[in-house]
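Take a look at the structure set out below.
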Amino acid sequence: MSGELRGAPGFYEPMGPQKTSGTATLSLGAGVLSFVCLFGLGGVLAIALGWIAHSEIEKSGGRLGGKGLASAGIGLGITNLLVTIVGVGVLVALAVRADPAPRAAVTPPPPLLPAPIAPPSPLPTPGPAPRLPPAAVAEAEPVLPALPPRVGKIAIVEANGSRALETQLLTQLAESKAAGEQVVLWTVTTDCEPCDAVGRALSDSRMQTALGNVRLVRADAASFPVELQRLGVPIDSVPGFTLLDSQARAHDHIHGGEWDADIPANIAPVLGKFVKRAFSGRRHPWSRPLRDGETTL
């Protein structure tokens, strides 16, 4: 009979027992697990499954139930997300905040005990003075670069700072006259690169030709400032070259400003003409200062 009426208008076929949505159950389980091990991720999963379960139940026409489970899962998921966000924020704030410096523990001073009386020790025997570390050694004063007594045809004499310069020059004038050499006073200072360049250039063949049979008396201008001025030798520019008269006084003078780069090709022609007293057209003309008793015309 029921088979004949099925499908007729007004016919109502009773439904079977209602089933609980599995998705709603999963949503509730994910919400619970989000507080146990799936922090954050479990909350998102519970919310997503809860919304899916609600949609399935609405479309089932009453065959599926479990809206309460799905709603509980969504609520647990939202709560877990909020707790997770707050917890992460607290952890970040604690990590960024600088830890205050720990206060040093104050230890009580040890009790004062009478110092033990030690037996007298023998006096130490004098020994060699301890060597000072390099940092404690005073910085050595600069010295002129060493030059040999002779470079080819050029004789080199170092002026001794412990003796009068005039005496040394008079001695060199006498000895050079006997040896057939010409004395040229070479004034320099320490840490003077143009002065050192002249010394390095002496071995060049052009310098050997220009200064052959010349006796260079090298004097540190800083060691003889008063004597050089008294002899009429300028000390404001180095390297300087001075021809002397028989009394060791300045007769003629030039300095390194008469050439450009400090190379033999520039130095040799100037010094060659200067020692022959034939150097004209100077960049820096020099006139001999007046001596005691002399007056200008």
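Could you pull out the residue among 203, 237 that is more than 39 Å from the chain's Cα centre (by Cα) and of a type outside the set (A, V, I, L, M, F, W, C)? Spell out the reasoning first.
Numbers: 237 fails: more than 39 Å from the chain's Cα centre (by Cα).
The unique qualifying residue is 203.
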- [ ] Assess whether residue 234 counts as being in contact with a helix residue (DSSP H, G or I) (Cβ under 7 Å, 6 or more places away or on another chain) and over 16 Å from residue 167 (Cα atoms).
- [x] no
TODO: Output the residues belonging to the stretch 192-237 that are among the basic types (Lys, Arg) and either more than 17 Å from residue 147 (Cα to Cα) or not assigned by TED's automatic domain parsing to the domain that holds residue 180 (or both).
DONE: 206, 230
Open item on the list: Checking residue 199 against (1) on the phi > 0 side of the Ramachandran plot; (2) without any contact (Cβ under 8 Å) to a residue 60 or more places away in the chain, only one condition comes out false. Which one?
Closed with: (1)
Open item on the list: Yes or no: the stretch 236-259 includes at least one residue that is closer than 18 Å to residue 271 by Cα, touching a Ser or Thr at 6+ places or on another chain (Cβ under 8 Å), in a loop (DSSP other than H, G, I, E, B) and of a type outside the set (A, V, I, L, M, F, W, C).
Closed with: yes
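Among the residues of the stretch 267-277, which ones are under 19 Å from residue 232 (Cα atoms) and either touching a Lys or Arg at 6+ places or on another chain (Cβ under 8 Å) or exposed (fewer than 13 other Cβ atoms within 10 Å of the Cβ) (or both)?
Our first condition is that a residue be under 19 Å from residue 232 (Cα atoms); within the stretch 267-277, this holds for 274-275, 277.
Scanning the stretch 267-277 gives a single hit, 277.
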Task: Considering residues of the stretch 240-266 that are more than 39 Å from the chain's Cα centre (by Cα) and surrounded by 18 or more Cβ atoms within 10 Å (Cβ to Cβ) only, the residue farthest from residue 174 (Cα to Cα) - done: 258
- [ ] Mind counting the residues in the stretch 39-90 that are more than 28 Å from residue 19 (Cα to Cα) and not in a helix (DSSP H, G or I)?
- [x] 2
Task: Of the criteria (1) within 27 Å of residue 206 (Cα to Cα); (2) at pLDDT below 95; (3) surrounded by 14 or more Cβ atoms within 10 Å (Cβ to Cβ); (4) more than 45 Å from the chain's Cα centre (by Cα), which one residue 280 fails - done: (3)
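Please count how many residues of the stretch 223-235 are in a loop (DSSP other than H, G, I, E, B) and without any contact (Cβ under 8 Å) to a residue 40 or more places away in the chain. Before you say what the answer is, go through the steps one by one.
To start, the set of residues in the stretch 223-235 that are in a loop (DSSP other than H, G, I, E, B) comprises 223-224, 231-235.
Filter once more, so that each one left must be without any contact (Cβ under 8 Å) to a residue 40 or more places away in the chain: none.
Of the residues in the stretch 223-235, 0 are in a loop (DSSP other than H, G, I, E, B) and without any contact (Cβ under 8 Å) to a residue 40 or more places away in the chain.
The values are calculated or read from the model by the stated rules, or taken from the named source; none is laboratory data. Because the structure is predicted, anything quoted here is derived from the model rather than measured. When we count neighbours, we look across all protein chains shown, and the Cβ atoms used for this are built from the backbone with ideal geometry, even at glycine.
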